[in-house]
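Step one of this worksheet: look at the structure below.
The values are calculated or read from the model by the stated rules, or taken from the named source; none is laboratory data. From a predicted model like this one, the values you see are computed outputs, not experimental measurements. So basically every Cβ, Gly included, is an ideal-geometry build from the backbone, and we count neighbours across all protein chains shown.
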Amino acid sequence: MTRKHIPIRLKNLEILIREAGSAASLARAAGTNSSYLSQVRNQLPTKKGTPRGIGDDLAAKLETAMNKPQGWMDEDHDSEESIALERDGPSRGNHHPLIAWDQVGKGQEISEDKPPPYNTQLLICPVKCSEETFVLRVRGASMEPKFREGELIFVDPQAPAEHGNYVVVRFEASNEVTFKQLIVEEGKQYLKTLNPDWPNRIIEVTADTVLCGVIIFKGEAL
């Protein structure tokens, strides 16, 4: 029998995300795609123009992953969730995937069953950021002395890029991904390399340059 597909599933999805710690953690537990869950939460349209929803298969996966009884996604849990939040406080989960540089900024067809294009090692970001935040490991010496090889940088695609920010960009023609300091002067944008010994330290931003996110935090794994 087909289970009900009503907005209450979206409410219950938020409860499960809080219990799991993050949408990424919930997706990993359920064996689904965190990007797809994000699209469902934001009700982004399908190719047919209808909002993405939580189908029966996904509802069952979520229930199983979080040890909920069958049909839990179709029941109203607002009151008991409020009690739990008052008792335990909101989840402090803030986990984001560590990915490779060549995986940055690549458009992917997203579906419920398609796994992320990387082995998901999740790291906690100590500052406020969006759920789309990802983590990279610094390579090379172009941004020394501020950024050293091996350090971890947290990149938020939703953060506004302003003068002086450090940004991750992809050059469409070459598919090269790098990070630089954004300089805005007289209505033009430039990318600056910090290492004083580096050649061609300043280049102008062109239509070929795709902004992939703003660096909001850096640290070093010991």
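Computed quantities for the displayed model
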read-out: In the stretch 169-195, residue surrounded by the most Cβ atoms within 10 Å (Cβ to Cβ) [restricted to those that are at pLDDT 95 or above and part of a loop (DSSP other than H, G, I, E, B)]; value: Thr193
read-out: Looking only at the stretch 100-140, and only at residues there that are aliphatic (A, V, I, L, M) and assigned to a loop (DSSP other than H, G, I, E, B), the one that is modelled with the highest pLDDT; value: Val138
read-out: Val205 in the same structural domain as Glu144 (by TED's automatic domain parsing), surrounded by fewer than 16 Cβ atoms within 10 Å (Cβ to Cβ) and under 25 Å from the mean Cα position of the chain (by Cα); value: no
read-out: Inter-residue pairs, beta-carbon under 8 Å, first more than 13 Å from Tyr166 (Cβ to Cβ) and touching a residue at least 60 places away in the same chain (Cβ under 8 Å) and in the stretch 129-154, second surrounded by 17 or more Cβ atoms within 10 Å (Cβ to Cβ) and aromatic (Phe, Trp, Tyr), 6+ apart; value: Cys129/Phe154; Thr133/Phe154; Phe134/Phe154
